[in-house]
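Participant: This is the structure I have questions about; it appears just below.
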Amino acid sequence: MKHIFGPVNSRRLGRSLGVDLFSEKVCNLNCIYCEVGPTVHLSCQRAEYVPTREIIAEIDTFCRDRQRLQTVDVVTVTASGEPTLHAGFGTILAHLGEVAGRPIAVLTNGTTLGDAVVRQELQLADIVIPSLDSALAESFRKVDRPAACLDLAEIIEGLVRFSHEYRGQLWLEILFVRGLNEGEEDVAALAGVIGRMRLDRVQLNTVARPPLESFARPVDQRRLQEIAARFRAIRPGLVVDLLADAPRQSKEQQQQAGDGQENRPDRLVEIVHMVQRRPCTAADINRTFQIGGPEKVEQLLEPLVRAGRISKRRHGDRIYYH
């Protein structure tokens, strides 16, 4: 399938079935930390970049397999870019609500929430996770590199308005890049926006996978803890999470889960589709496909590396497949 992937083990959502609304990256940002790669179409225009009927047909094909559907905790609507730029976004959410029988989450960069139509469409989701990396124009330009059609003040007003209209779970994600948006002035400005929003949780992230730009570096855990404490003080009971890797399985669990799984004929195709969307370690791949441990994943993928179908890249102390 071109637009359905997983289910994958999500740090936040459990076993997540992904629905990717694009075939190439369409976005109104070109973030320096993006693991997907450079934006191919930098635009604020909503359009049917991929036929809606094509995406719905893939959803129906997956949902007819009741056994596979039972392995899904949540359906996550995302994109190689910004999903709300797809003109069929609302239609796709409505169809998922009819056929999937699972909670629907949406990952969005939050830039389109000034549009009343988008805000109304998002009411169909059970969980919305928008992002806001900076509330200061200079930092926003440096980190997110927005299209000229975007205005940060309008983005913030859209986020605030949506937060008070929406009745589902709303989790704001903020990704910090060392030296660019984690200073005191940036944190104070973000705290001001958070104080105006109705939020269920705030999730702090940093550069964890190979970024688009090599100069995008992670913020250390001590600084993230300091920022988390600052945000928790905004409102009693506000949940502030530091996003971390999914827990590791023991070798016994890996072996038991992986028995026979590496021989599925569609396994390699699914893995290639996964690493096309985001760089993954052997451990990431194993957690999703239950192959029997990172070592088995490495053995399975080595022929693809030699053939040039996928590549390996070191980031920090880890090797990622692309």
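Participant: Calculate how steeply helix 89-99 sits against the longest principal axis of the alpha-carbon atoms of the chain, using the helix alpha-carbon long axis, and give the answer as 0 to 90 degrees to the nearest 10.
Facilitator: Taking the Cα atoms of the chain, the angle to 89-99 is about 50 degrees.
Participant: Taking R0 as 22 Å, what's the FRET efficiency between Arg196 and Ala116 from their Cβ-Cβ distance, rounded to 0.05? Kindly include the intermediate steps, with their values, before the conclusion.
Facilitator: Values: r = 19 Å, r/R0 = 0.86.
Efficiency, rounded to the nearest 0.05: 0.70.
Participant: For Thr206, what residues show an amide H to amide H distance below 5 Å, using hydrogens built from the backbone and excluding near sequence neighbours?
Facilitator: For Thr206, whose amide H was placed from the backbone, the distant partners under 5 Å are Phe176.
Participant: Cα centroid distance between the range 1-39 and the range 85-124, in Å?
Facilitator: Value for the Cα centre distance between the two parts: 15 Å.
Participant: Where does the charge balance sit around Leu170 when Lys and Arg score +1, Asp and Glu -1, over other residues with C-beta under 14 Å from its C-beta? Mind showing how you got there, number by number?
Facilitator: Working: positive: Arg12, Arg119, Arg161, Arg167, Arg196, Arg198, Arg201, Arg235; negative: Asp126, Glu165, Glu173, Asp200, Asp241.
Spelling it out: positives minus negatives among the neighbours equals +3.
Participant: So, one more: Out of residues 5 or more away from Glu82 or on other chains, whose amide H comes under 5 Å of its own, with H placed 1.01 Å from N in the peptide plane?
Facilitator: It is Val26, Cys27, Asn28, by chain and number.
Participant: Need the C-alpha centroid separation for the range 164-192 versus the range 226-241, integer Å.
Facilitator: A separation of 11 Å, based on Cα centres.
Participant: Which Cys residues of the chain have no other Cys Cβ less than 4.7 Å away and so no disulfide-compatible partner by this rule?
Facilitator: Result for the chain is Cys27, Cys63, Cys280, no neighbouring Cys Cβ within the cutoff.
Participant: Next question, about the same structure. Using only the alpha-carbon atoms of the range 4-242, report the extent along each of the three principal axes, biggest first, to the nearest angstrom.
Facilitator: So the three principal-axis extents are 51, 37, 34 Å.
Participant: Then there is this: Amide H neighbours of Ala125 under 5 Å, at least 5 residues apart or on other chains, H built in the peptide plane: list them.
Facilitator: Here the answer is none, since no amide H 5 or more places off falls under 5 Å of that of Ala125.
Participant: May I pose another question? Give a residue-ordered list of calculated ³J(HN,Hα) values for the range 2-19 (Karplus: 6.51 cos²θ - 1.76 cosθ + 1.60, θ = phi - 60°; whole Hz; x for Gly, Pro).
Facilitator: 8, 10, 10, 9, x, x, 10, 7, 8, 4, 9, 10, x, 7, 10, 8, x, 10
Participant: Further question on the same structure: Return one number: the angle in degrees, 0 to 90 and rounded to the nearest 10, between the long axis of the Cα atoms of helix 152-165 and the longest principal axis of the Cα atoms of the chain.
Facilitator: The two axes meet at around 80 degrees.
Participant: May I pose another question? Using only Cα atoms and rounding to the nearest 10 degrees, what angle (0 to 90) does helix 184-196 make with the longest principal axis of the chain?
Facilitator: Roughly 90 degrees between the two axes.
Participant: Order the peptides 173-183, 294-304, 72-82 from the highest to the lowest mean number of other Cβ atoms within 10 Å of their residues. Each step should come with its number before you reach the end.
Facilitator: Numbers: 173-183: 20.7, 294-304: 17.1, 72-82: 24.1.
Peptide ranking by packing, descending: 72-82, 173-183, 294-304.
Participant: Something else about it: For the ranges 87-97, 220-230, 122-132, what's the packing order if you count other beta-carbon atoms within 10 Å of each residue, average per peptide, and put the highest first? Walk me through the numbers on the way to the answer.
Facilitator: On the way: 87-97: 19.1, 220-230: 14.5, 122-132: 20.7.
Highest to lowest by the protection proxy: 122-132, 87-97, 220-230.
Rule-based calculations on the coordinates, nothing more; no lab input. Values in this document were obtained by computation on a predicted structure and should not be read as measured data. All Cβ positions, even for glycine, are placed from backbone atoms using ideal geometry, and neighbour counts span all protein chains on display.
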